[in-house]
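The values are calculated or read from the model by the stated rules, or taken from the named source; none is laboratory data. Note that the coordinates shown come from a computational prediction; the quantities given were computed from them, not determined experimentally. FYI the Cβ positions are ideal-geometry reconstructions off the backbone, even for glycines, and counts take in every protein chain you see.
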Amino acid sequence: MPRDILDHLPGENAALIPAGRGRRFFAFVIDILPITLLIAWVFYAFFGFDEALDGYLSDRSDIEMRRWFIEQRNWIRSVSFLAWLFYSVVMDGAPWQGTFGKQWMGIKVVDEFGQPLGQKQSLVRNLGKVLSYVPFSLGFFWILFDNKRQGWHDKMARTLVVER
């Protein structure tokens with residue numbers, strides 16, 4: 001499928017090209033992996049995840065140990081998601097127009113007119129990711145089928161992720 005140029009944007013912004021789906025996904029992976037590993041280490045070192053993991057791996061039939069492990073794992077996932085949202089709010093609204101992952105993948109976040117986001121619009125976009133995530137991540141999968149490659153959070157905040 002050829003890359004679509006956003007035809008509704010005026011003047012020099014008419015050349016904005018939506019970021020590729022793969023580039024958006026790898027930008028997310030670049031961002032979320034270190035955050036999750038750091039949070040997992042904190043839980044491992046200070047909140048008993050080491051014992052939960054050890055117990056789970058040594059006897060997977062122990063239902064109580066499995067419950068504890070899953071509870072710890074879910075806490076790690078939730079805290080990592082919240083840390084990623086906070087990081088994304090700050091970085092998307094900064095002069096860099098995106099997280100380190102987006103920068104490394106050569107993409108950026110702009111408003112519907114091709115302008116950088118302010119912190120308020122960045123906050124709306126990133127809080128919208130909660131709504132994109134909750135129903136089985138459908139708001140993120142929406143990017144696969146949308147002509148402008150916008151997730152629900154992008155549509156809510158009127159933002160685009162485009163090539164640099």
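Of the residues 114, 98, only one is within 13 Å of the chain's Cα centre (by Cα) and outside any helix (DSSP H, G or I); which? Let's see the steps before the verdict.
Working: 114 fails: within 13 Å of the chain's Cα centre (by Cα).
After ruling out the rest, the residue left standing is 98.
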Only one of these conditions is not met by residue 106: (1) under 23 Å from residue 35 (Cβ atoms); (2) among the small types (Gly, Ala, Ser); (3) surrounded by 15 or more Cβ atoms within 10 Å (Cβ to Cβ). Which number is it?
-> (3)
Scanning region 145-154 residue by residue, the ones that are without any contact (Cβ under 8 Å) to a residue 24 or more places away in the chain and surrounded by fewer than 20 Cβ atoms within 10 Å (Cβ to Cβ) total 2
Filtered residues of region 51-60 (kept if surrounded by 13 or more Cβ atoms within 10 Å (Cβ to Cβ) and either of a type in the set (A, V, I, L, M, F, W, C) or under 27 Å from the mean Cα position of the chain (by Cα) (or both)) | 52, 53
Answer yes or no: is there a residue in region 89-99 that is surrounded by fewer than 21 Cβ atoms within 10 Å (Cβ to Cβ), touching an Asp or Glu at 6+ places or on another chain (Cβ under 7 Å) and at pLDDT 95 or above.
-> no
Residues of region 62-87 satisfying the condition of being farther than 24 Å from residue 28 by Cα, in a helix (DSSP H, G or I) and in contact with a Gly (Cβ under 8 Å, 6 or more places away or on another chain) | 65, 68, 69
Unmet criterion (only one of (1) more than 30 Å from residue 17 (Cα to Cα); (2) in contact (Cβ under 8 Å) with a residue 40 or more places away in the chain) for residue 75 | (2)
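Results for (1) buried (at least 20 other Cβ atoms within 10 Å of the Cβ); (2) in contact (Cβ under 8 Å) with a residue 24 or more places away in the chain; (3) closer than 26 Å to residue 17 by Cα, shown as yes or no for each residue.
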{"position": "68", "(1), (2), (3)": "no, no, no"}
{"position": "118", "(1), (2), (3)": "no, yes, yes"}
{"position": "135", "(1), (2), (3)": "no, no, no"}
{"position": "143", "(1), (2), (3)": "yes, yes, yes"}
Is there a residue in region 22-31 that is small (Gly, Ala, Ser), without any contact (Cβ under 8 Å) to a residue 24 or more places away in the chain and either under 21 Å from residue 151 (Cβ atoms) or touching a strand residue (DSSP E or B) at 6+ places or on another chain (Cβ under 7 Å) (or both)?
-> yes
